[in-house]
Amino acid sequence: MTSLALDGDEVHVWRAASDLMAGRLEDLSQSLSADERTRAGRFAFRRDRDRFIVRRGLLRAILARYLAVDPARLQFDYGASGKPALAWQGAGIRFNLSHSAGLVLYAVARGREVGVDVEQIRTAIAQERVPEHFFSPREVAALRALPVDAQPEAFFACWTRKEAYVKARGEGLGLGLDRFEVSLVPGEPAALLHTADDADEASRWSLQAWAPARGYVAALAVEGQACRLTCRPWPG
């Protein structure tokens, strides 16, 4: 089996629709570990259970392509905040995944930490007081200065960039979403602008943003700079 090439200066992001994989559900389920099957069985609703099986099965299938191994052989460790990592690190592969509704993204890098987040744009959330509870005062001011019809996309641009950075750090929401600032104004490049705890932290990470499907926004946080991002559907 030939491994999929991945250079240290690039990140691959795979896009899949978990609701369209029902025909492969049994095959994907066979690659899961006993623990993953137990977790799947805890979901009260079949749709949620099937989506979990597809997401984990595809994760194994994707990573197996880079390592040239049987997907069922992969083993995972979990950090203090639950971030998954390959138990075998010989290839230096790092990964992260995110899902919203029926869309799932997988980010894969080599030798650098990575975080990805995707969200379906929902207008009502931006109109509520969610930003005031989670964003920094300057982010809230920038968001509320935009026209009302531009605020939903800007809100989710901000949210996904923050989530991607937090996930790349592997610290969970204990990091505090108001302790750092990202760009959010439409037309501005995605960027980590400032962190309250370390003046040099922003220079250690790069952010990228894109629309993976109509009505969705996504963001990627990568350790270091000069990242070449390639996005493609799975299977690709």
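Every number in this text was worked out from the coordinates using simple rules, so none of it is lab data. On a predicted model such as this, the values are computed, not experimentally measured, just so you know. Positions of Cβ are backbone-derived with ideal geometry, glycine not excepted, and every protein chain shown enters the neighbour counts.
Observations, loosely collected:
- With the charge dipole of the chain set up from +1 on Lys and Arg Cβ and -1 on Asp and Glu Cβ about the Cα centre, the Cα lying farthest toward the positive end among the listed residues Ala85, Leu177, Cys158 is that of Ala85.
- Rg of the Cα atoms in the range 109-219, relative to 2.2 N^0.38 Å, amounts to 1.01.
- Mean-position separation - Cα centroids, the range 26-46 and the range 92-151, in angstrom: 28 Å
- Charge dipole magnitude, Cβ of K and R +1, D and E -1 - the chain, Cα centre, debye nearest 20: 840 debye
- Ellipticity estimate at 222 nm from DSSP helix runs (n ≥ 4, -39,500 (n - 2.57)) divided over the chain, nearest 500: -9000 deg cm²/dmol
- Most positive-pole-ward Cα, Val140, Ile121, Leu207, against dipole of the range 117-233 from beta carbon charges: Ile121
- The ranking of His99, His12, His133 from fewest to most other beta carbons within 10 Å of each one's beta carbon is His133, His99, His12.
- Pair Leu4, Arg214: separation of 7 Å Cα→Cβ label points (nm): 2.7 nm
- Directionally averaged shadow of the range 19-93, computed from the convex hull of its alpha-carbon atoms, nm²: 5.4 nm²
- Residue separation of Ser81 and Ser29 scaled by 0.36 nm, minus their Cα-Cα distance, works out to 16.2 nm of gained length.
- The HN-Hα couplings worked out from phi for the range 214-226 by the Karplus form 6.51 cos²θ - 1.76 cosθ + 1.60 (θ = phi - 60°) are 4, x, 10, 10, 9, 9, 10, 10, 10, 5, x, 10, 6 Hz, whole numbers, x standing for Gly and Pro.
- Coarse-grained scattering of the range 37-177 at q = 0.10 Å⁻¹, given as base-10 log I(q)/I(0) from a Debye sum over alpha-carbon atoms: -0.43
- Computed Kirkwood radius, in angstrom, where 1/r is averaged over Cα pairs of the chain: 18.5 Å
- Burial ranking of peptide ranges 35-46, 152-163, 213-224 (average Cβ count within 10 Å, highest at the top): 152-163, 213-224, 35-46
- In this structure, Arg39 and Ala91 have a Cβ-Cβ separation that, at R0 = 22 Å, corresponds to a calculated FRET efficiency of about 0.30.
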